[in-house]
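Accompanying notes for the structure given below.
Quick note: the coordinates plus some simple rules give every number you see, no bench work behind them. Everything quoted here is computed from the prediction, not taken from an experiment. Reconstructed Cβ throughout: ideal geometry from the backbone, glycine too, with neighbour counts over all protein chains shown.
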Amino acid sequence: MLKFISTFYLIEKHYLSLSTTNTMKNHKSRRDFIKKSIAVGIAIPILGSSLLACESKETKKLKILILGGTSFLGPHQIKYALDRGHSVSIFTRGKTKSTVHPEVFSQVEHLIGDRNDNLTALEKGEWDLVIDNSGRDVKWTTDTAELLKDRAKLYMYTSSTGVYYPYLGDNITEKTETLTKEPEALESEDEKLEYWYGVMKTNSENAVVKAFGIDRTIIARPTYMFGPGDKTNRFIHWPVRLAKGGEVMVPGKVDDLVQYADVRDVAEFMIRLAENNTTGKFNIAGPTNQQTMQEFVNEAKSAFDVDSKTVLIDDYDFLEKNGVYYLVPWIPPIGKNYGSSRTANSKAIAAGLTFRDLKTSVKEMHDWWYSDAMTQEQRDKFEKNPKGVLKKEEEIIKKWKALKG
Ligand SMILES: NC(=O)c1ccc[n+]([C@@H]2O[C@H](COP(=O)([O-])OP(=O)(O)OC[C@H]3O[C@@H](n4cnc5c(N)ncnc54)[C@H](OP(=O)(O)O)[C@@H]3O)[C@@H](O)[C@H]2O)c1
């Protein structure tokens with residue numbers, strides 16, 4: 001029996017460990033605000049959560065405030081937004097330096113503070129759009145949504161498919177119930193953290209809706225993201241491993257499904273949602289159609305011109321005994337993780353979500369990993385980790401073959 005494994009929390013653990021009101025003078029009534037919004041072309045949508053994804057004929061240049069902006073998702077949002085003529089302010093503590101698109105940071109306004117106890121830099125200013133990437137405390141999001149509700153037109157909260165934990169369904173849509181409360185009796189610390197994360201994201205989403213109203217709120221719920229700038233080291237196994245060729249271990253049963261999203265597809269979709277004033281809640285998970293783990297590896301390996309052969313290891317107990325509890329995008333689809341790769345993406349696709357070719361994503365992530373953006377020390381930490389699957393793979397395949405005769 002496989003022990004419980006935490007998915008989103010494990011995946012974002014690194015992110016979490018890395019980071020350890022005034023209203024405006026000329027306070028506008030909501031009616032004035034809506035009038036002004038209409039006048040400048042960012043109409044408060046009459047259809048509310050519209051699925052109409054038509055591109056604006058002429059994209060209005062937006063003033064965007066990103067709460068965050070310097071870690072993983074943010075730099076890609078900034079690059080895309082600037083390329084499309086928007087202007088960007090970012091609010092951070094000024095500690096984190098991006099490993100991607102360093103050139104964009106001289107083109108944005110830097111507002112420095114701390115979501116824990118210093119929002120002074122956000123007490124002035126007006127924006128068309130707030131993107132809340134760094135929200136990982138309900139109070140943080142409640143405070144910024146309240147502070148900005150009369151000075152920003154739209155508030156976009158970067159949530160997660162973690163709101164659906166435990167993943168029990170076959171088709172998890174935006175209407176599927178989300179977690180609002182942690183159960184009292186939980187078995188493991190990992191499980192507690194998984195519930196905490198889902199509850200925190202759901203209640204943060206609700207805090208935004210409460211302050212901005214449903215018609216001015218966009219909720220983005222990405223699944224596991226990967227791509228240049230990823231600091232979690234969870235997906236990099238595949239670009240690094242597949243580039244080497246030879247016998248490649250593929251964990252899981254032949255019909256185990258996977259889902260993932262290139263961070264750039266997520267970033268660009270989020271900006272386009274705001275450009276089109278498309279409000280509502282959106283699951284962001286690729287690929288377009290269902291894909292098995294084996295299909296994923298076969299497509300990903302075509303990024304490299306090397307000979308390789310896959311070895312499917314479809315015994316969950318054997319994998320666990322050998323320290324392979326998950327290997328993102330593979331998460332054993334059992335128990336509370338049954339539906340973790342069964343998130344419906346049709347609403348987001350109808351609203352304009354597109355997916356890069358996996359082969360391109362994998363190749364570009366590989367190139368980023370071996371570029372000057374990363375140090376040899378950072379690469380070694382992952383690639384030479386004696387407990388890592390990369391190091392243990394050969395031995396695991398050997399054992400598996402011996403077992404199977
Ligand atoms: N990674 C995934 O697979 C995944 C999947 C689903 C959802 N998500 C969600 O996606 C979001 C993206 O996060 P990201 O890190 O990539 O965003 P980001 O916008 O690239 O960066 C976030 C920035 O927030 C700043 N920050 C941290 N603590 C702060 C504080 N107390 N006050 C002010 N600023 C603070 C940090 O800069 P300083 O250190 O300089 O302050 C950090 O660089 C998260 O909400 C995450 O939950 C991620």
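Numbers at a glance
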read-out	value
Cα Rg over Rh - the range 131-273, Kirkwood	1.02
Square roots of five times the Cα gyration tensor eigenvalues for the range 196-323, Å	35, 18, 13
Gain on full stretching of the segment that runs from Lys401 to Asn298 - 0.36 nm per residue minus C-alpha separation	35.0 nm
Residues Lys124 and Gln290, FRET efficiency given R0 of 51 Å [Cβ-Cβ distance, rounded to 0.05]	0.60
Cleavage-rule hits, trypsin sites (Lys or Arg not before Pro), the range 116-151, DSSP coil, Cβ neighbours within 10 Å at most 13	Lys124
Label point distance in nm, Asp314-Glu394, each placed 7 Å from Cα along Cα→Cβ	2.8 nm
Neighbour cut-off at most 10 other Cβ (10 Å), DSSP loop, chymotrypsin sites (Phe, Trp or Tyr not before Pro), the range 311-405	none
Along each principal axis, Cα extent of the range 208-279, largest first, Å	53, 26, 20
Potential extension, Glu377-Ile214 segment - 0.36 nm per residue separation minus Cα distance	54.1 nm
Cα-Cα separations in the range 330-388 greater than 15 Å, expressed as whole percent	72 percent
Projected-area average for the chain over all orientations - Cα convex hull basis, square nanometres	20.0 nm²
Computed lengthening from Glu58 to Glu103, 0.36 nm per intervening residue step minus Cα-Cα distance	13.5 nm
Phi to ³J(HN,Hα) by Karplus 6.51 cos²θ - 1.76 cosθ + 1.60 over the range 329-342, Hz, x for Gly, Pro	x, 7, 10, x, x, 10, x, 6, 9, 3, x, 5, 10, 10
Cα Rg, Dmax, the range 135-217, angstrom units	13.9, 44
Residue-averaged [θ]222 nm for the chain, counting only DSSP H segments that reach four residues, each worth -39500 (n - 2.57)	-11000 deg cm²/dmol
Simple label model, 7 Å out from Cα along Cβ direction - Lys384 to Glu182, nm	3.8 nm
R0 of 56 Å, Cβ-Cβ distance Glu146-Val306: FRET efficiency to nearest 0.05	0.55
